[in-house]
Amino acid sequence: MDVLIRCDGDYQIGLGHVVRCLVLADELTGRGCRVTFAMRVGPLGITKVEPYYPVLQPDQGGPAFDYEAWMLQCLEETGSRILILDVRDGISRVIVERLKANGTLVVTIDDPEEKRLATDLAFYPPVPQVKEVDWSDFKGTLYTGWEYVILRKEFAAAHNRPRNRTPRVLVAMGGSDPAGLSLKALQALQQLERKIEIMIVIGSGFRPRRRCCWRASCASGTPSVSLYQRRRAPDVTMFAMDIYNPSSM
């Protein structure tokens, strides 16, 4: 079975969509599916995917870009009858309806856009916002719950609670942290009076690395701070922490 996954990742939107789609692709591949990615923007995200899966990119962008034609081309080229959308770039409900009319099963993940109403399957975490939006015109199947949250396998393993003499705090705000939340978290933690150790996870697209280092070394009373370069391979560092503050998993 061939599956096409549509997602993007760059410095502006982060890498969360790409990371969870890679996890999903690995699971689908393990179940005998052939997975291809369709990606429009973000060399950062594309370089994350290309070592593992084929990536299709449009020949042109800008005002001349025809989203529907590109999607149809990708589906035909890969022979895919399943399209998974994890993107928020304004693809219209009309386009999704036309893709379905062409015989494609369309799935969407954590989607706030109107196109969700035209999909066959929609998956969401159990957050209040899901019930607050209008689903009256939705003819597909809605799945909401923790069991539908996509996580890397290492998060499912059981680990013993750490016993650290000095509390350790792990701050991980995604692969690029486009909102600069790592720096804000560090500034907030610096206000604590008790002694703590802080580890900041630095993704491959993380830009404000030097600012965090400068803040950590120059601020008065700064706790012990270390920077860690995240890899795609499983890592157990977080399980040695007392507090883990992630943006996504």
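Could you go through region 135-152 in sequence order and give the Karplus-derived ³J(HN,Hα) for each residue, using 6.51 cos²θ - 1.76 cosθ + 1.60 with θ = phi - 60°, rounded to whole Hz, and x for Gly and Pro?
My calculation for region 135-152 gives 10, 4, 9, 8, 9, x, 10, 9, 10, 10, x, 4, 5, 9, 7, 7, 10, 5 Hz in order.
Please report the antiparallel percentage of the DSSP beta bridges confined to region 2-150, to the nearest 5.
The answer is about 5 percent antiparallel.
So for region 2-150, averaging the separation of alpha carbon pairs under 8 Å that are six or more residues apart and normalising by length, what relative contact order in percent results?
Answer for region 2-150 is 20 percent.
Based on the mean of other Cβ atoms within 10 Å per residue, sort peptides 52-65, 180-193, 11-24 so the most packed one is first.
For the peptides 52-65, 180-193, 11-24, the packing ranking is 11-24, 180-193, 52-65.
Rounded, prolate or oblate, given the Cα gyration tensor of region 2-150, with a/c below 1.5 counting as rounded?
Rounded is the answer for region 2-150, as its axis ratio a/c remains below 1.5.
Output wanted: per-residue J couplings in Hz (rounded whole) for region 70-77, from phi through Karplus 6.51 cos²θ - 1.76 cosθ + 1.60, θ = phi - 60°, x for Gly and Pro.
The phi angles translate into 5, 4, 5, 5, 5, 5, 5, 5 Hz.
Read the figures in this text as sums done on the coordinates, not as results from a lab. Note that the structure is a prediction, hence the values are computed from the model and not measured. Here the Cβ is made from the backbone with ideal geometry for all residues, glycine too, and neighbour counts use every protein chain on show.
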